[in-house]
Amino acid sequence: MNFLSDFAWLIRYLQSAIPIVITLFFVLLGQLQMPLQYLSDIITGFAVISIYYWVMFRPELMPIIFVFFLGIIQDSLSGAPLGLNSLVYLFIHALVYNQRRFIVGKSFWLFWGGFAIVLVLAVFCTWCLASIVRGSYLAPEAAVIGLIMTIIMFPAIVWLLGNTQRRFIGSARFY
Amino acid sequence: MAKRSAKVSIAGMVLPVRLWTQRFAFLGLVLLSLTLMLFSRAEISSVSQVRLAIVDLVTPVIFVFSKPVQAMEGLVSNVERLFFLNQENQNLRESNARLIQWVEEARKLNIENATLRAQLEYVPDKRSQFVTARIVADTGGAFFHSLLINAGARQFVRRGQAVVWQGALIGRIAEVGNRTSRVLLMIDINSHIPVMVESTSDRAILAGNNTSRPVLEFLPDNSPISRGDRIVTSGHGGVYPPGLVVGTVAQATDSTVSVKPFVDWSKLNQAVILDYGLDGILPPPERVPTSALQTEVSSDLKTKQ
């Protein structure tokens, strides 16, 4: 028995935490002051890519309770009403979890297109909820620019997440 | 065979229970999110405290993350400066020559002012105290415009205090945690600042609209406002002190007057929180500032240099 096998449980535990840590990293990175306009919005969109990816391929590593808390952290930092992003993230989780059987194992274009639909719906929900909570019409232009840029950046982030999965977590488990 | 059927039956029992648990967990979390949103909207203090506790907890991590970004930004800025070094030197020399003349003028005016004030027994404005803080997070986003700064109740920051940088208004303190505070930016849709046109003293309300150009509301119809007019705080309402520079008129039409803030949002990395001892419409302070940690700021902060 080698030394590492004694810590196999710890290694497995750390491996299973990777998807949550990556998503949290994107949430926190999106709050940083960036030298370029809209960059924060785009990086915040990476968190949605991460949720989409992990719920699609390893849903057991992205439980809804963590998705809820990721939203709470984002709301706390962004000044949004507590619960707004949690609700949107829960919606994304439910949508992707229920539709994943139509996308997993199909072409990348379908995977990408699916994300575009999910993101559009998520941004629309955020905009509606924010407008209702704030009691006025909010200009959606900045959100639309962030949305388009996030969709464009999708393949690069998925490549990163895919490599992370292959290197540290293991192949997808299809249900 | 019997063993196998027992296994199947246990699995058959566990699976629906698991599915129901998941479904209930989902519904429960959705309901919890909606409840939290309603409580946030109602500005219930316990929700705000939870939010600030999370912010206090997470801010050190963001602060660490921000270091490489700041270093990269500094590097790019230094390279940019190298290209314009000669031009910048020339501009600085000209600016310096102009400022030396102004210093002489200011000295004369200062003496004259002091003499006139002594003759009139003038009661001077209350001087402000200030705390300088670093911006740790630009939590803006598309629908909410605020900043997190690394100064909170421990540094005697209080809700409602005006926040400036280089003499120009940024916004006001909206939430105060132990070590961090949230600054509501003047461009946020929830921001309404009593202002006046410096040249005419016409009063208005500067209303944020979630764009980089907030608009003037309730400006008198006959106000002779034009592009380039400076807008300063009027001091009405007792939240912001009078005379803080806000911006210049960017566009003035019959229906809309938009203002370009003096603050360059892209280069904002620090903020000064002013304490004029104004409570205005806000609840009374929870803490009393001590002069040991705060320093008097000269009144020239009111005017943008």
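Numbers for the structure displayed
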item	result
Test: residue in the range B:46-61 that is more than 9 Å from chain A (Cβ to nearest Cβ), out of contact with any Cys (no Cβ under 7 Å at 6 or more places or on another chain), free of Cβ contacts under 8 Å to residues at least 40 places away in the same chain and exposed (fewer than 10 other Cβ atoms within 10 Å of the Cβ)	yes
Qualifying residue in the range B:119-129 (condition: among the basic types (Lys, Arg) and at pLDDT below 80)	yes
Enumeration of residues in the range B:144-199 that are of a type outside the set (D, E, K, R), in a strand (DSSP E or B) and within 13 Å of B:Asp56 (Cβ to Cβ)	B:Leu148, B:Ile149, B:Val176, B:Ser181
One residue from B:Pro16, B:Pro60 being outside the structural domain of B:Arg159 (by TED's automatic domain parsing), of a type outside the set (Lys, Arg) and at pLDDT 80 or above	B:Pro60
All positions within the range A:23-49 that are under 17 Å from A:Ile92 (Cβ atoms) and not in a helix (DSSP H, G or I)	A:Gly30
Residue count, the range B:227-240 (criterion: loosely packed, with under 15 Cβ neighbours inside 10 Å and modelled with pLDDT of 85 or more)	2
Residue among B:Arg154, B:Arg98, B:Arg107, B:Arg158 that is crowded, with 20+ Cβ neighbours inside 10 Å, over 18 Å from A:Gln31 (Cα atoms), away from every other protein chain (no Cβ under 11 Å) and not aliphatic (A, V, I, L, M)	B:Arg158
Among (1) of a type in the set (Ser, Thr, Tyr); (2) more than 26 Å from B:Leu34 (Cα to Cα); (3) free of Cβ contacts under 8 Å to residues at least 60 places away in the same chain, the one test that A:Tyr38 misses	(3)
Residue list for the range B:130-151, restricted to those being modelled with pLDDT of 85 or more, surrounded by 23 or more Cβ atoms within 10 Å (Cβ to Cβ) and among the hydroxyl-bearing types (Ser, Thr, Tyr)	B:Ser146
Residue satisfying all of: in the range B:192-205; touching a Leu at 6+ places or on another chain (Cβ under 6 Å) and closer than 24 Å to B:Gln270 by Cα; nearest to the other protein chains (Cβ to nearest Cβ) among these	B:Ile193
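Conditions tested, residue by residue: (1) farther than 21 Å from B:Leu36 by Cβ; (2) facing chain B (nearest Cβ under 8 Å); (3) without any contact (Cβ under 8 Å) to a residue 40 or more places away in the chain.
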{"residue": "A:Pro19", "(1), (2), (3)": "yes, no, no"}
{"residue": "A:Leu29", "(1), (2), (3)": "yes, yes, yes"}
{"residue": "A:Ile49", "(1), (2), (3)": "yes, no, no"}
{"residue": "A:Tyr53", "(1), (2), (3)": "yes, no, no"}
{"residue": "A:Leu77", "(1), (2), (3)": "no, yes, no"}
{"residue": "A:Ala80", "(1), (2), (3)": "no, yes, no"}
{"residue": "A:Val96", "(1), (2), (3)": "yes, no, no"}
{"residue": "A:Ser107", "(1), (2), (3)": "yes, no, yes"}
{"residue": "A:Gly113", "(1), (2), (3)": "yes, no, yes"}
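Let's see how each residue does on (1) away from chain A (no Cβ under 14 Å); (2) exposed (fewer than 14 other Cβ atoms within 10 Å of the Cβ); (3) under 23 Å from A:Gln33 (Cβ atoms); (4) out of contact with any Pro (no Cβ under 6 Å at 6 or more places or on another chain):
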site	(1), (2), (3), (4)
B:Thr211	no, no, yes, yes
B:Leu216	yes, no, no, yes
B:Leu219	yes, no, no, yes
B:Pro224	yes, yes, no, yes
B:Pro242	yes, no, no, yes
B:Gly247	yes, no, yes, no
B:Ala250	yes, no, no, yes
B:Phe262	yes, no, yes, yes
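The values are calculated or read from the model by the stated rules, or taken from the named source; none is laboratory data. All values derive from a computational prediction rather than experimental measurement. Cβ coordinates were reconstructed from backbone atoms using ideal geometry, including for glycine residues, and neighbour counts include every protein chain displayed.
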